[in-house]
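Right, I'll just put the structure down here and ask away after.
The values are calculated or read from the model by the stated rules, or taken from the named source; none is laboratory data. Bear in mind the structure is a predicted one, so any value in this text is a computation, not a measurement. Methodologically, a virtual Cβ is constructed for each residue, glycine included, from the backbone with ideal geometry; neighbour enumeration extends over all protein chains shown.
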Amino acid sequence: MKPATARVIVAAPATGGGRSFTRSLAAGAIAFSLALAGCAGRNEAPVLTGVPHRIEEWSFDSAPGHVIRTPHYEIHTTLRETTLVNSLPQALEMACTHYRRLAPAAAEPTTPMPVYLFARRGQWETFTRRLAGARAATLLKVRNGGYTERGVAVIEYVTHATTFPILAHEGFHQYLYHSGVSEIPAWLNEGLATLCEGQRWGPQGLVAFDPWLNPNRRNPLADALRRDQLIPLAELLRINAAHVVGESNRKIQAYYGQLWALLLFLREGEEGKYAAGFDRLLAALGAQDLRKYAEAAHVGSTEGQYDFGVELFRAFVSTDLDAFEQEYRRFLRRNVLGER
């Protein structure tokens, strides 16, 4: 990657966390809202105001931009719209707080996490080729989105409503990487990431994370329900995104939608029947060897073939997958389709 010389353009010194940062001279504002209805989830991050940060000029090849340094992030962006640039420190630091609540036992990252947010598809593609090498061909298939590669979050800006949920989703994967969490099944990893997508915004920026407020997951899931094309639970616990990437876009979206709803069900379904087990799983994430729990569950099961995702679910949530799936599908029909 071409190095660039940074020049500080906002320089009012402030202190935060033992490091020197700069507070923005004017509060950033975004005048759009994903929605205002609904109650925030129990893992809602508090609104952060006055997030300490420093903004410097930066460039990617010939494209001018900024690098924004906050307590937990180093954000490189070619976005030029002032309100968008100013919204990033608050949004990402609130996201980091949200991640800590989702994975409370994971070690907090010790170095700033790198984020690249590009204004143009061509910039995103060029950076991807430089960063990912042989894997670039696969990553370049991602449309209107982003990815996390070796702890670096790389996002293509599309629209407010599309990009900020993706940024929060990929940011969760990035957080686990920098926290040293590597042993996690796809259903839990991707499911938790989808819980970061629902957001409520106001005139001063991000207000709250609301996992229920996620039409990008709800609508494709509703379509799969109506078509009777849900992925069976046992399969959902086994597969990862690579298993559906070659399928139709409808199946890809159904996969993520089902994981989003699965984790909502674990938290709130059946009057909290599975919440305690799910909380124990989150408490173990990053603090204990999850494979030991999965292997112990397999010893006492009648399943012939061991699968990490399935057995971890059996260890913390339920050993009766059939009964659980019936309850889960009732939850979907009631909360996604609105059936009584």
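Would it be correct to say that Glu325 is touching a His at 6+ places or on another chain (Cβ under 6 Å), part of a helix (DSSP H, G or I) and not assigned by TED's automatic domain parsing to the domain that holds Arg143?
no
Here's another thing I want to ask about it. Please tell me if Tyr147 is surrounded by 15 or more Cβ atoms within 10 Å (Cβ to Cβ), in contact (Cβ under 8 Å) with a residue 12 or more places away in the chain, out of contact with any Ser or Thr (no Cβ under 6 Å at 6 or more places or on another chain) and of a type outside the set (S, T, N, Q).
Considered against the rule, which asks whether it is surrounded by 15 or more Cβ atoms within 10 Å (Cβ to Cβ), in contact (Cβ under 8 Å) with a residue 12 or more places away in the chain, out of contact with any Ser or Thr (no Cβ under 6 Å at 6 or more places or on another chain) and of a type outside the set (S, T, N, Q), Tyr147 comes out as yes.
Here's something else I'd like to know. If only one of Arg334, Arg340 is of a type outside the set (A, V, I, L, M, F, W, C) and assigned to a helix (DSSP H, G or I), which one is it?
Arg334
Return the residues of region 94-115 that are crowded, with 19+ Cβ neighbours inside 10 Å and touching a strand residue (DSSP E or B) at 6+ places or on another chain (Cβ under 7 Å); say none if nothing qualifies.
Selection gives Met94, His98, Met113, Val115.
Mind listing just one residue for me: the one in region 232-277 that is among the hydroxyl-bearing types (Ser, Thr, Tyr) and either in a loop (DSSP other than H, G, I, E, B) or surrounded by fewer than 15 Cβ atoms within 10 Å (Cβ to Cβ) (or both) and, of those, modelled with the highest pLDDT?
Once the filter is applied, the top-ranked residue is Tyr274.
Which residue pairs have Cβ atoms closer than 6 Å, lie 6 or more positions apart in sequence or on different chains, and pair a first residue in region 101-124 that is among the charged types (D, E, K, R) with a second residue that is surrounded by 14 or more Cβ atoms within 10 Å (Cβ to Cβ) and modelled with pLDDT of 95 or more?
Arg121/Glu156
Taking region 188-214, which residues are outside any loop (DSSP other than H, G, I, E, B) and either within 13 Å of the chain's Cα centre (by Cα) or free of Cβ contacts under 8 Å to residues at least 40 places away in the same chain (or both)?
The answer is Leu188, Asn189, Glu190, Gly191, Leu192, Ala193, Thr194, Gln199, Phe209.
A follow-up question, please. Taking Arg280 as meeting all but one of (1) surrounded by fewer than 15 Cβ atoms within 10 Å (Cβ to Cβ); (2) not in a helix (DSSP H, G or I), write down the number of the exception.
Answer for Arg280: the failing condition is (2).
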